[in-house]
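K.L.:
Sharing a structure with you now.
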Amino acid sequence: MSQQAHDDLAKQLLACSYDDLNAVQKSVIDLIASEAPSNVNPAFKHDDRSFGDRLADQVAAIGGSWGFIIAFGLILVSWMGWNEATKGHPLAFDPYPFIFLNLMLSMLAAIQAPVIMMSQNRAAARDREAAEHDYTVNLRAELEIMHLHDKMDALREKQMLELLKRQNEAIKLLKTQVTRLSGKL
């Protein structure tokens, strides 16, 4: 489609020239002009995450679940219960105040927190891309609806003009018949 057609479409739908539009608006006008369907972003279909990214996402999914919280709570209670029950016996490997447990919890938190933040950053980036795609689709739908409204209004106006023309012809015909009839009386 020509540049002039794109410019006309932009003026009709967005009330500004094609050159004044931002990149997203231009892509929507291009889609409308080409009458092509809105495609899903290929990045949404293909998983191009590295092994570390997939691992981080899996750790975040497990670490942020109720199953993990309950299992971890049971491990903590078991750890403390075992060491209290075997107090004074050689089987007690971490007596009260559970210094080794505290070290393990600190190490887990130090490793798990940045991994979860990496996963959240990637999820936020995917969400931004999805929101931009949704905006493009919604803007296109809105512009298409406006375009359809304009077409319907033009069609309705054309029909109204035809109806008025027929009514005027019918009125003229009736007037001529009335004058003929009144001349016979």
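We did not get these values from a lab; they are worked out from the coordinates using the rules stated. Keep in mind it's a predicted model, so treat the numbers as computed, not measured. Cβ atoms come from the backbone with ideal geometry, glycine included; neighbour counts cover every protein chain shown.
K.L.:
Work out which helices of the chain, taken as complete DSSP H runs, extend at least 15 Å along their axis over the Cα atoms and score a mean Kyte-Doolittle of 0.5 or more, then list them.
P.N.:
Details: long enough: 3-14 (16 Å, -0.80); 23-34 (16 Å, 1.03); 51-63 (18 Å, 0.38); 66-85 (28 Å, 1.23); 99-184 (122 Å, -0.21).
In the chain, the long hydrophobic H runs are 23-34, 66-85.
K.L.:
Which one is right for this structure if Kirkwood radius over Cα pairs in Å is calculated from it: (i) 24.3; (ii) 17.6; (iii) 16.2?
P.N.:
Working out Kirkwood radius over Cα pairs in Å from the coordinates points to (i).
K.L.:
In the chain, how many lysine pairs have Cα atoms under 19 Å apart, counting only pairs 8 or more places apart or on different chains? Could you put the intermediate results ahead of the total?
P.N.:
Numbers: Lys11/Lys26; Lys11/Lys151; Lys165/Lys175; Lys172/Lys184; Lys175/Lys184.
Qualifying lysine pairs in the chain: 5.
K.L.:
Also, quick follow-up: What relative contact order, as a whole-number percentage, does the chain give when Cα pairs under 8 Å and 6 or more residues apart are counted?
P.N.:
It comes to 25 percent, rounded to a whole number.
K.L.:
Separate question: Modelling each spin label as a point 7 Å along the Cα-to-Cβ direction, I'd like the Arg156/Arg126 distance in nm, to one decimal.
P.N.:
4.5 nm
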